[in-house]
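Asks: Mind looking over this structure? Questions follow.
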Amino acid sequence: MNDKQSTTEDKVEKKESIFSKAWFRSVAGIIVIFLLLGIFIFWRATVGQIKIENSLIDAPIIALSPATPNTLEEIYVKAGDVVQANTPVAKVGSETLTSKVAGIIVSVNHQEGQIFTPGQAVVSMINIAEERVVGKIDEDKGLSKVKIGQKATFTVDAFGNKKYVGVVDEVSPISDTSGIVFNISDKRAVKQFDIKVLFDTKKYPELKEGMSAKITIFTN
């Protein structure tokens with residue numbers, strides 16, 4: 001091998017080396033760009049979102065009781081029944097107890113012959129129209145950004161990652177004193193507030209009272 005041939009081979013090797021380095025830099029640059037783009041997309045997707053882990057499907061309990069003390073004579077419904085407004089549910093003495101609204105029967109006292117007094121529930125039910133996803137949020141975790149009318153999505157533990165859609169319907173004006181936690185650094189009480197999300201109960205009939213849920217609220 002003469003010097004001229006050796007010099008030519010060295011030049012080829014240098015060109016190949018330069019090309020290899022340039023190619024590596026280009027690929028590395030593309031990867032960095034995609035990583036930055038991914039981070040930006042993730043940031044854009046999560047900014048303006050407030051997540052509430054401690055949530056559940058809930059509705060106010062309606063207690064049906066007699067107007068005057070008397071003996072339970074008959075029961076006409078059972079737990080799980082769906083009833084319409086003005087449906088007879090029980091008879092106490094000569095008084096027939098009826099549902100005031102449409103809803104679901106959640107509990108029934110079957111102790112016929114027992115005396116029931118006003119305020120003592122013979123039958124308990126929930127108003128389906130009042131069913132909400134209720135979450136508790138710490139006052140320092142974005143409470144000030146939550147407003148009525150904001151879009152919300154939620155998942156329910158019983159149905160995996162299936163997303164349900166709703167809207168913020170109520171932001172509690174007072175804190176939940178039972179949910180107070182303490183900030184470790186200064187021992188100050190961090191209060192929690194209830195956030196209620198309205199959803200279409202007819203569209204999502206599989207959602208039941210008491211199911212655990214997780215809420216995401218979109219504050220943008």
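The values are calculated or read from the model by the stated rules, or taken from the named source; none is laboratory data. Only a predicted model underlies this, so the values are computations on that prediction, with no experimental measurement involved. Quick reminder, even Gly has a Cβ in these numbers, built from the backbone with ideal geometry, and neighbours come from all protein chains shown.
Asks: Taking the conditions exactly as written (at pLDDT 90 or above, among the charged types (D, E, K, R) and closer than 30 Å to Val165 by Cα), does Lys78 satisfy them or not? So that I can check it myself, show each step before the final result.
Replies: Working: at pLDDT 90 or above: yes; among the charged types (D, E, K, R): yes; closer than 30 Å to Val165 by Cα: no.
When the stated conditions are applied, Lys78 does not pass them.
Asks: Looking at region 67-106 only, could you name the residues that are in contact with a Ser or Thr (Cβ under 7 Å, 6 or more places away or on another chain), of a type in the set (Gly, Ala, Ser) and closer than 17 Å to Glu130 by Cβ?
Replies: Passing the criteria: Ala85, Ser99.
Asks: Still on this model: Check region 124-137 and report whether any residue there is more than 23 Å from Phe199 (Cβ to Cβ) and of a type outside the set (Ser, Thr, Tyr). Even if it seems obvious, please write down each step before you answer.
Replies: Going through region 124-137, the residues more than 23 Å from Phe199 (Cβ to Cβ) turn out to be none.
No: zero hits.
Asks: Val89 versus (1) touching a residue at least 60 places away in the same chain (Cβ under 8 Å); (2) of a type outside the set (D, E, K, R); (3) surrounded by 19 or more Cβ atoms within 10 Å (Cβ to Cβ): which is the lone unmet condition?
Replies: Every listed condition holds for Val89 apart from (1).
Asks: With the condition kept exactly as written, say whether any residue in region 170-183 is more than 12 Å from Phe193 (Cβ to Cβ), at pLDDT 90 or above and either β-branched (Val, Ile, Thr) or not assigned by TED's automatic domain parsing to the domain that holds Ile104 (or both).
Replies: Checking region 170-183: not a single residue is more than 12 Å from Phe193 (Cβ to Cβ), at pLDDT 90 or above and either β-branched (Val, Ile, Thr) or not assigned by TED's automatic domain parsing to the domain that holds Ile104 (or both).
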